[in-house]
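The values are calculated or read from the model by the stated rules, or taken from the named source; none is laboratory data. Keep in mind that what you see is a predicted model, and the values were worked out from it rather than measured. Because the Cβ atoms are built from the backbone with ideal geometry, glycine has one as well, and the counts that use them run over all protein chains shown. The protein model used for the area step is the full one, side chains on, heavy atoms only, and it has no ligands, DNA or RNA in it. Shrake-Rupley method; radii C 1.70, N 1.55, O 1.52, S 1.80 Å.
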Amino acid sequence: MSASPFTPEEIASEGIKPEEYEEIVKRLDRHPNKAELGMFGVMWSEHCCYKNSRPLLKQFPTTGKHVLVGPGENAGVVDLGDGFRLAFKIESHNHPSAVEPFQGATTGVGGILRDIFTMGARPIAVLNSLRFGDLEDAKTRRIFNGVVEGIAHYGNCTGIPTVGGEVYFDRAYSGNPLVNAMALGLMETEEIVKAGASGIGNPVLYVGSTTGRDGMGGASFASAELSDESMDESRSERLRQRPAVQVGDPFLEKSLIEACLEAFKTGAVVAAQDMGAAGLTCSTSEMAEKGGVGVELDLDKIPARETGMIPYEYLLSESQERMLFVAQKGREGELIEIFHRWGLHAVVAGEIIEEAIVRIFHQGKIAAEVPAAALAEDTPIYHREILSEPPEYAQKAWEWTPASLPPCTESGIQIGEKWQSWNDVLLQLLDRPSLASKHWIYRQYDHQVQNNTLILPGAADAAVIRLRPAINQNPPPNSLPRGGEQEGSNPTLPLQRGAGGDTHNQKGVAVTTDCNSRYVYLHPYEGAKAAVAEAARNLSCVGAQAIAITDNLNFGSPENPVGYWQLALACQGIAEACKELETPVTGGNVSLYNETLDSEGNPQAIYPTPVIGMVGLVPDITRTCGQGWQTGGDRIYLLGMGSPVTLGGSEYLAAIHGAIAGHPPIVNFELERKVQTACRRGIREGWVKSAHDCSEGGLAVALAECCISGNLGAEIILNPPQNGQRWDEILFGEGGNLILVAIASEFSRVWEDYLQATLDNLWQAIGTVTQPEGNLRISQSDRESAIDVKICNIQENWSRAIERRLTDRQ
């Protein structure tokens, strides 16, 4: 065979390794041309084919009594009963958001929305999971502002509420922020729309926006480390990377949602695929491979927004708001008319063929011809060895013990030459952006549009959304929303007719995103289990039964033995936790190579961050609750007593002592199930008036958050330290299985009888809710208080922590 027409540098620029190029030549029995090389580059990237992670994902449980569609389609789908079917998924847009924060975030939201409505579901909510560097850094502030603005812009303009999420700040993400977007939607079509093409001779329709040069090679870009240059503040360097960042149009997407759902309801659509990562290359090859057929596509028929585009550019473009349909032959005109009515492009650009190949034409000639399976399924898989023992950094971290900390008393701790009271420590923790109020962020989101958001962001441990299909689904284009303000956003409007015709449907869905990446860094297996357990606990705190998850695995390079060890153990932890809690995985996303190369070429990886997006069923939306105290005199209980708490991996240890060390909490699944069941039962019986899990910052921070949310004080009396336990462990130690609940005094007897029967002695009545704008007082019996701080002082530190760092440094 003749020599390769490409230099090693040209091959490497497509993200293809030398041995992979040899495999391509073997598959084709010839050298690829430029367009084909690009097609393999994007489809064999980690972002598209999961070549390093696929063997690990096979251990996830993917079936269950609620699961209708599992991994492999655009989104998972679960059955909520009474005719309600929920599609949901999470995706990442990390590297684009690092280079161009606004567009990276907007197109991340747009892409996850398309995954949902491609299934035939109307999007009803968006969440996010975000990680940034230190807000003291100007570069981090620029990225943070751009990402939040981008998320708000796309969600508000499409009329889809952003109802919740999580945001953390840590220097580990300074060079590589994480932007994970999750969406969920209710099925509107009788049949779930899937991606597998079928019907030889059926026409292939291109619909939506035009194709340009934006987003070129975005999938490969997402599968490589970022460099100092790509994060450089200079305009020239940022512009150099921008071709790999897509540009979104939320108003066009709104039209695309309506047109697609209308088209699906005709029954004329055989299959549908969003053009996300890898654009036309991915949509054609995946549809063909999943259906066991082939696709012919003529690039001359693709609506283009730029002149002189070559096949390589058409095939690798990731221009947004585009879809590929397979239509029933003879009904393509019916579908084209729908899209034209919504002001969108729709053309017949190809057809389904019997030979399982993707054949691309341009200017009357074959521009590319590749077996579909070689692109979409029969891709390289790397089975890597897991380290036989934990890496040095973990072993060193595990050597830490609380004995290395300065002695402390009931009143405080001596750190260096400075004495700090526990009041001081609590206020410092509440001023940490990761723990502080996120109001500055979510006030920019329209979280009440569609009139189904029952609990506002920040008011509870999870978002709760009323289940009801919208009425007048397809308004004329001239009445589409053009901004974040929508008519009818009053959340007190009466329920409308349910999916099954029930005018009194009371069901809701709860949703959360969770991950403590510091735990995962210190112990990937235990940290990943804790992420799943915390997600389920957060759902239980609003009265929801967890039913399924979607995951976003954000890790460094799998080619680094430590990075692969983190990924492998985290996947084991997720698998075990999902089996224990009966929450199967319906799909998700893998984002590897989240590293920044410094000026010397050394990779600096993020903390391993397996984000868990979990959905749960709320059987009665009139029986749910938030985290804030409701009424003075209510009794406060701590569920899960007996589960050990630890300062290892805690927010207190990191913030006050500057240490990332120790063993993170270990999940006790038997106790976790009992505690969550008790919490849900209490909410559904009407006994529990508020519920909040104890997570970052431990018991003291959780109590402060309940006081802030309810604007009520609390009088807490704790047992004296036992077995050498330290006061900082009692106040700020972290652990799983712990939930704070408040009970009306008239229900305290029946509640305690129930707890004694179900939790034995693994609970404690610890205090009482006090007067408005009072104090949070924590003491041991009748002794002097360990913490005694006014709610107004807590509120001040907590509420303006993020805003203060942004405004004081502008």
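GLU351 falls short on exactly one of the conditions (1) under 24 Å from ASN33 (Cα atoms); (2) among the charged types (D, E, K, R); (3) touching a Lys or Arg at 6+ places or on another chain (Cβ under 8 Å), and that condition is (3). Out of GLU91, GLU100, GLU36, GLU46, which single residue is within 15 Å of the chain's Cα centre (by Cα) and among the acidic types (Asp, Glu)? The match here is GLU91.
Tell me whether the range 498-505 contains one or more residues that are charged (D, E, K, R) and either at pLDDT below 95 or under 30 Å from GLN395 (Cα atoms) (or both). Yes - at least one qualifying residue is present in the range 498-505. Of ASN156, ASN94, ASN74, all but one fail to be within 24 Å of ASN452 (Cα to Cα) and polar (S, T, N, Q); the exception is ASN156. Number of residues in the range 261-277 that are of a type in the set (A, V, I, L, M), over 15 Å from LEU205 (Cα atoms) and under 24 Å from the mean Cα position of the chain (by Cα) equals 1.
In the range 24-79, the residue that is most open to solvent (accessible area, probe 1.4 Å) out of those that are of a type in the set (Val, Ile, Thr) and at pLDDT 95 or above is THR63.
Taking each residue of the range 37-56 that is in contact (Cβ under 8 Å) with a residue 24 or more places away in the chain and looking for partners that are open to solvent by less than 20 Å² (accessible area, probe 1.4 Å) and of a type in the set (Asp, Glu) with beta-carbon atoms closer than 7 Å, six or more apart or interchain, yields LEU37/GLU14; GLY38/GLU14; GLY41/GLU14; TRP44/GLU20; ASN52/GLU46. The strands (runs of 3 or more DSSP E) found wholly in the range 572-618 and carrying at least 1 residues that are more than 22 Å from PHE88 (Cα to Cα) and open to solvent by 20 Å² or more (accessible area, probe 1.4 Å) occupy 595-597, 603-605.
Identification of helices (runs of 4 or more DSSP H) wholly contained in the range 654-750 with 1 or more residues that are open to solvent by less than 10 Å² (accessible area, probe 1.4 Å) and either over 25 Å from GLY527 (Cβ atoms) or of a type in the set (Gly, Ala, Ser) (or both) yields 669-685, 698-710. Taking the stated definitions as given, is ALA277 touching a Cys at 6+ places or on another chain (Cβ under 8 Å), closer than 26 Å to ALA75 by Cα and in a loop (DSSP other than H, G, I, E, B)? Answer is yes for this residue. Just one of (1) open to solvent by 40 Å² or more (accessible area, probe 1.4 Å); (2) more than 25 Å from LEU261 (Cβ to Cβ); (3) outside any strand (DSSP E or B) fails for GLY330. It is (2). The set of residues in the range 90-122 that are buried (at least 24 other Cβ atoms within 10 Å of the Cβ) and among the hydrophobic types (A, V, I, L, M, F, W, C) comprises ILE90, ALA98, ALA105, VAL109, ILE112, LEU113, ILE116, PHE117, MET119, ALA121. Note down all Cβ pairs under 9 Å where the first residue falls in the range 507-525 and is more than 30 Å from ARG684 (Cα to Cα), the second is aromatic (Phe, Trp, Tyr) and surrounded by 24 or more Cβ atoms within 10 Å (Cβ to Cβ), and they're at least six residues apart or on different chains. So the pair list comes out as SER517/TYR173; SER517/TYR607; ARG518/TYR607; VAL520/TYR607; TYR521/TYR607.
Table: residues versus (1) among the β-branched types (Val, Ile, Thr); (2) in contact (Cβ under 8 Å) with a residue 40 or more places away in the chain.
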{"site": "THR583", "(1), (2)": "yes, yes"}
{"site": "TYR593", "(1), (2)": "no, yes"}
{"site": "ILE612", "(1), (2)": "yes, yes"}
{"site": "LEU617", "(1), (2)": "no, yes"}
{"site": "THR622", "(1), (2)": "yes, yes"}
{"site": "GLY628", "(1), (2)": "no, yes"}
{"site": "ASP634", "(1), (2)": "no, yes"}
{"site": "LEU647", "(1), (2)": "no, yes"}
{"site": "GLY658", "(1), (2)": "no, no"}
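Restricting attention to the range 639-653, and to residues there that are closer than 19 Å to GLY412 by Cα and not in a loop (DSSP other than H, G, I, E, B), which single residue is most open to solvent (accessible area, probe 1.4 Å)? Here the residue is THR646. Inside the range 134-165, residues that are over 16 Å from ASN94 (Cβ atoms) and within 17 Å of the chain's Cα centre (by Cα) make up a count of 8.
Taking the numbered list (1) open to solvent by 10 Å² or more (accessible area, probe 1.4 Å); (2) in contact with a Lys or Arg (Cβ under 8 Å, 6 or more places away or on another chain) in turn, GLY632 passes all entries but (2). Take the conditions (1) without any contact (Cβ under 8 Å) to a residue 60 or more places away in the chain; (2) touching a Cys at 6+ places or on another chain (Cβ under 7 Å); GLN59 misses just one of them, which is (1). Determine, yes or no, whether GLU392 is among the acidic types (Asp, Glu), within 29 Å of the chain's Cα centre (by Cα) and farther than 30 Å from TYR206 by Cα. Spelling it out, it is not the case that GLU392 is among the acidic types (Asp, Glu), within 29 Å of the chain's Cα centre (by Cα) and farther than 30 Å from TYR206 by Cα. When ALA125 is tested against (1) in a helix (DSSP H, G or I); (2) of a type in the set (A, V, I, L, M, F, W, C); (3) open to solvent by less than 10 Å² (accessible area, probe 1.4 Å); (4) out of contact with any Lys or Arg (no Cβ under 8 Å at 6 or more places or on another chain), just one condition goes unmet, and that condition is (1). Among residues of the range 70-84 that are touching a residue at least 40 places away in the same chain (Cβ under 8 Å) and within 25 Å of GLU289 (Cα to Cα), those with a Cβ under 6 angstrom from a residue that is open to solvent by 20 Å² or more (accessible area, probe 1.4 Å) and part of a strand (DSSP E or B), sequence gap 6+ or separate chain, pair up as ALA75/LYS89; VAL77/LEU68; VAL77/ARG85; VAL78/VAL67. When ILE636 is tested against (1) aliphatic (A, V, I, L, M); (2) in a loop (DSSP other than H, G, I, E, B); (3) more than 26 Å from VAL179 (Cα to Cα), exactly one condition is not met: (2). In the range 163-179, what residues are among the small types (Gly, Ala, Ser), open to solvent by less than 30 Å² (accessible area, probe 1.4 Å) and part of a strand (DSSP E or B)? Listed by number, the list holds a single entry, GLY164.
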